[in-house]
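**Student:** Can you read through this structure? Questions will come right after.
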């Protein structure tokens with residue numbers, strides 16, 4: 001199973017080679033925070049990435065330090081403060097590599113990730129609706145379809161479904177995470193297919209057992225009334241074969257007699273019908289007026 005911390009660690013290890021991509025990724029990191037002068041995160045790798053990107057661009061940055069404001073959840077955030085950084089509007093990014101870098105930064109800086117067996121889910125949590133719309137539009141330009149909703153005063157761009165999550169991982173360059181994700185998906189699909197086949201086989205077996213029981217009861221009734229010996233050789237042959245092999249399926253019985261499956265099924269069904277006709281009460285004779 002792909003773990004969210006492993007995904008963020010992999011993304012943090014990616015080092016953009018071009019200055020424009022470094023700038024775009026740093027802009028993505030800062031995008032969720034409203035002001036563009038700092039990063040606040042629970043993830044150490046994300047904090048280090050902010051410092052490394054800023055340094056590579058010649059922008060002053062403080063070392064990661066504990067956030068001054070406490071957290072009611074008991075978790076400890078890290079803060080990185082940057083010198084003034086004017087980031088471009090993400091929807092204005094023209095180069096595909098810049099869009100990929102921006103989304104990678106946004107995934108590190110503002111996303112919560114759940115990629116467990118219960119179903120993949122990624123959310124980008126932003127402060128205002130305009131930013132959320134711009135991020136959703138940027139994802140759509142890269143063929144990653146996201147939804148938009150509001151929760152407790154925050155605006156959330158969310159991705160659901162196997163295909164959308166795989167597209168996001170592919171877009172951001174998380175190749176190891178994508179491999180783990182696809183491996184897990186294939187494993188779940190195989191297990192689901194096997195379960196369906198087993199359920200279908202169990203259902204077929206149940207139907208075969210019930211049909212064989214009806215046929216054996218019918219044969220016993222015909223034999224008990226003496227009608228079995230009066231039947232055609234083909235029906236008597238089918239009855240004898242069923243009695244000799246009470247657990248066999250139609251294919252096995254037909255193969256033993258050298259006839260088709262359809263012919264065997266017809267003979268057994270006819271035995272059941274004849275037994276039913278014998279067991280049915282005779283209809284009362286119509287009275288004749290004198």
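The values are calculated or read from the model by the stated rules, or taken from the named source; none is laboratory data. Just so you know, these numbers come straight off a predicted model, no measurement behind them. FYI the Cβ positions are ideal-geometry reconstructions off the backbone, even for glycines, and counts take in every protein chain you see.
**Student:** Which condition breaks for residue 85 when tested against (1) surrounded by 13 or more Cβ atoms within 10 Å (Cβ to Cβ); (2) not in a loop (DSSP other than H, G, I, E, B)?
**Tutor:** Answer for residue 85: the failing condition is (2).
**Student:** Go through 167, 177 for me and flag whichever is part of a helix (DSSP H, G or I) and at pLDDT 90 or above.
**Tutor:** Numbers: 177 fails: at pLDDT 90 or above.
Checking each option against the conditions leaves just 167.
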